[in-house]
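These notes are about the structure you will find just below.
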Amino acid sequence: MRESASAYASRIRRFRLPRVCIAVVGGDAATMVERAESLVRDNHLIELRLDYLPQPLAALAKLKNFIELHPEATFIATCRRAANGGKFKGTVAAQLAILRKAADMGFQLADLELQSASSLKANELRDLYDRIGLIVSYHDFRATKKLDDQLATMSKFPADFYKLVSTATNLHDNVVMMKFLEAHAGSHEMVGLCMGEQGIISRVLGVRAGSVFTFGAAVRGEETAPGQVPAGELRDVYRIDMVDQATQVYGVAGDPVAHSLSPVMMNAAFRRETVNAVYLALHAKTLKDLLACVQEIPIRGLSVTMPYKQEILDALENSDALTRQIGACNTVVRGAGGQLYGFNTDVAGITVPLEQRMSLSGARVLIVGAGGAARAGAFGLKAKGAEVFITNRTPEKGQSLARSAKAKYLKRADVAKQQFDVIINATPLGMNGSKQTPLHENELNTKYVFDLVYTPAETALIKMARSRELQVIPGLEMFVQQGARQFEIWTGKPAPIAEMGYVVTKALERRAAEEAFEEPKAAAHGAAKKSTQVSPTRSAPKKSAKTSRSNAKASNSKR
Ligand code: NAP
């Protein structure tokens, strides 16, 4: 038993703990130890989810040796009950017995849900608190509300940390969580964050609002909660260890944004140029929600993507001439007084890669498409003196763009009759591995083909152009150049373009490899599903142990 609760608590004060705790799961003690062993070198705060083990009490002896071998790390024992979002089906008394034994086995901290704490006798809870550092936790799987009321209830119980984990249903819930942390971090040791894809702000910035630490997944695919970010990403991409009060916050705002590569690219640029800033993916379901966060967090600058490029214009104090002409803004700067200023860097994303290869004055450029990217291209290229042609699936839209940008509209049937210096694909055709191309091979009468689509890097159009020995410009160049211009607008520094291009290329390669890995699995899953759907007279196959495990994991506790 420890010397005294307060002396023990002083050993686990916030400055002794890393900012990221990794939750480790496993179907048996050996697997759990193996996973923890592979992580402990870089992660000195590890939560072992005992509730994932079929026999947690018996397994604890097997964990003891591992814990003793790693005095550099702090281990949290969590045996979350099923009723509170975990996997443990035993009683509160059984849960208590497991956590007491965990203390004997060398765990420094135990996580106990508020619901369990409430049903224990005062002396039982005090006894646990005397044995081990105690985290009393509360999870709200639906919303972020009544945090103060919850804390008032929780603080009736002795604990070293009070942990409140809610669910963000909008971006502003992060503001609510961070204000709550700021208000209480002076009087309690707090841990707080919002789950869900929209909770990323609190996962990264919560530590500066007063959360002693936050939670990260061991690796992508092993998240124990919706919206959980791999711990390595929290440290390497978001540089959570250096986030402080002076850190400027930027983000890409859209709906959806989960797959955006902008956070990888822009955070790498900030790191390279030692700018104290962090860049987040902001899944905004409404512009109103986004704008409230911009003011309250506050957010210093935004990359704006679909569907807000036009809608945001009304919220701007001012914007540059091209943004007004195009009628779309993809870059916002927030002034010190909260005013928002708009820019359109998609223009540079299209013109810069071309200017690196040719003079645009007098160049004949065909743009296929008449949406936002086509508009940026048409106005930007006209401003550089190019002769611009537009063709589009919906002729009226193409004609309208051609008129406003002083370009020429070409009927699709006439495209093959013309010769161009550049053809630009400004449609989504070819995205995500689709074999579709915006034009046929006989229509590629051009020196250069510039495909704005950048996922995948090698689109069907790029392949077709290469097979005709045409020069190609991949969409990645636009992505990097529009981001580089944003970086320059926000920081006043030249952008580290090579670094930005490198990290995005690597991220695209990783994504392609992950997709290639997932495809056979999905095909196998489809085949298996089909084989179970044969005859209604055939009895349903038994679930394999593996399927049961993965189903259980999917429905498991959240953070
Ligand atoms: P948008 O505003 O939705 O416009 C899409 C355009 O593509 C419209 O003109 C539309 O024609 C046309 N289109 C859509 N589906 C089509 C189909 N099945 N067949 C023929 N035409 C079709 O999109 P956007 O913002 O301009 O973006 C266009 C593409 O550019 C995106 O998909 C993206 O891949 C790429 N992009 C890349 C970057 C980068 O950094 N590399 C930046 C921005 C955009 P209708 O008028 O007939 O609907």
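The values are calculated or read from the model by the stated rules, or taken from the named source; none is laboratory data. Remember, it's a predicted structure, so these values are computed and weren't measured experimentally. Every residue, glycine among them, receives a Cβ derived from its backbone with ideal geometry; neighbour counts consider all protein chains shown. These accessible areas exclude ligands, DNA and RNA; they are computed on the full protein's heavy atoms, side chains included. Shrake-Rupley method; radii C 1.70, N 1.55, O 1.52, S 1.80 Å.
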Practice task
For residues that are near the ligand (Cβ under 10 Å from one of its atoms) and among the β-branched types (V, I, T), scanning just the stretch 438-465, find the one that is modelled with the lowest pLDDT.
Solution key: T455
Exercise for the section: Go through A336, A383 for me and flag whichever is out of contact with any helix residue (DSSP H, G or I) (no Cβ under 9 Å at 6 or more places or on another chain) and more than 16 Å from the ligand (Cβ to nearest atom). Expected result: A336
Completion exercise
Cβ pairs under 8 Å, 6+ apart or interchain, first in the stretch 182-193 and touching a residue at least 60 places away in the same chain (Cβ under 8 Å) and under 19 Å from E296 (Cβ atoms), second outside any helix (DSSP H, G or I) and among the charged types (D, E, K, R), ordered by first then second residue, are L193/R559
Exercise for the section: Select from the stretch 353-367 the residues that are in contact with a Gly (Cβ under 6 Å, 6 or more places away or on another chain) and either free of Cβ contacts under 8 Å to residues at least 12 places away in the same chain or within 16 Å of the ligand (Cβ to nearest atom) (or both) and list them in ascending order. Expected result: I367
Exercise for the section: Being surrounded by 24 or more Cβ atoms within 10 Å (Cβ to Cβ) and either of a type outside the set (D, E, K, R) or touching a residue at least 24 places away in the same chain (Cβ under 8 Å) (or both) narrows it down to one of A152, A168, so name that one. Expected result: A168
Handout entry: Looking only at the stretch 386-404, and only at residues there that are assigned to a loop (DSSP other than H, G, I, E, B) and closer than 16 Å to P428 by Cα, the one that is farthest from the ligand (Cβ to nearest atom)
Key = N392
Problem - Residue, farthest from K288 (Cα to Cα), within the stretch 149-177, restricted to residues that are of a type in the set (G, A, S) and assigned to a loop (DSSP other than H, G, I, E, B) - result: A159
Practice task
Test V415 against the criterion of being touching a strand residue (DSSP E or B) at 6+ places or on another chain (Cβ under 7 Å) and without any contact (Cβ under 8 Å) to a residue 60 or more places away in the chain, and give yes or no.
Solution key: yes
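With the structure loaded, tell me whether A413 is more than 9 Å from the ligand (Cβ to nearest atom), in contact with a helix residue (DSSP H, G or I) (Cβ under 8 Å, 6 or more places away or on another chain) and in a helix (DSSP H, G or I) or whether it fails that test.
Spelling it out, it is not the case that A413 is more than 9 Å from the ligand (Cβ to nearest atom), in contact with a helix residue (DSSP H, G or I) (Cβ under 8 Å, 6 or more places away or on another chain) and in a helix (DSSP H, G or I).
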Exercise for the section: Test G337 against the stated conditions and say whether it is part of a helix (DSSP H, G or I) and closer than 30 Å to Y250 by Cα. Expected result: no
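Among the listed residues A370, A374, identify the single one that is part of a loop (DSSP other than H, G, I, E, B), surrounded by 24 or more Cβ atoms within 10 Å (Cβ to Cβ) and within 14 Å of the ligand (Cβ to nearest atom).
Answer to the check: A370.
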Fill in the blank from the handout: Scanning the stretch 466-487 for residues that are among the charged types (D, E, K, R) and away from the ligand (no atom under 16 Å from the Cβ) gives R466, R468, E469
Practice task
For the stretch 251-266, state whether one or more residues are under 19 Å from K179 (Cβ atoms) and either within 15 Å of the chain's Cα centre (by Cα) or β-branched (V, I, T) (or both).
Solution key: yes
Completion exercise
Scanning the stretch 199-219 for residues that are free of Cβ contacts under 8 Å to residues at least 40 places away in the same chain and either open to solvent by less than 10 Å² (accessible area, probe 1.4 Å) or under 15 Å from the mean Cα position of the chain (by Cα) (or both) gives G199, S202, R203, G206, A209, G210, S211, V219
Completion exercise
Within the stretch 105-122, of all residues that are touching a residue at least 40 places away in the same chain (Cβ under 8 Å) and in a helix (DSSP H, G or I), the one surrounded by the most Cβ atoms within 10 Å (Cβ to Cβ) is A117
Handout entry: Any chance G342 is part of a loop (DSSP other than H, G, I, E, B), more than 17 Å from A386 (Cα to Cα) and open to solvent by less than 20 Å² (accessible area, probe 1.4 Å)
Key = no
Handout entry: Residue that is farthest from the ligand (Cβ to nearest atom), among those in the stretch 417-433 that are open to solvent by less than 40 Å² (accessible area, probe 1.4 Å) and part of a loop (DSSP other than H, G, I, E, B)
Key = G430
Handout entry: Test set (1) within 13 Å of the ligand (Cβ to nearest atom); (2) touching a Pro at 6+ places or on another chain (Cβ under 8 Å) - T345 fails condition number
Key = (2)
Exercise for the section: Go through the stretch 300-333 residue by residue and tally those that are away from the ligand (no atom under 12 Å from the Cβ) and of a type in the set (K, R). Expected result: 2
Exercise for the section: Would you tally the residues in the stretch 390-403 being in contact (Cβ under 8 Å) with a residue 24 or more places away in the chain and either open to solvent by less than 10 Å² (accessible area, probe 1.4 Å) or within 16 Å of G327 (Cα to Cα) (or both)? Expected result: 7
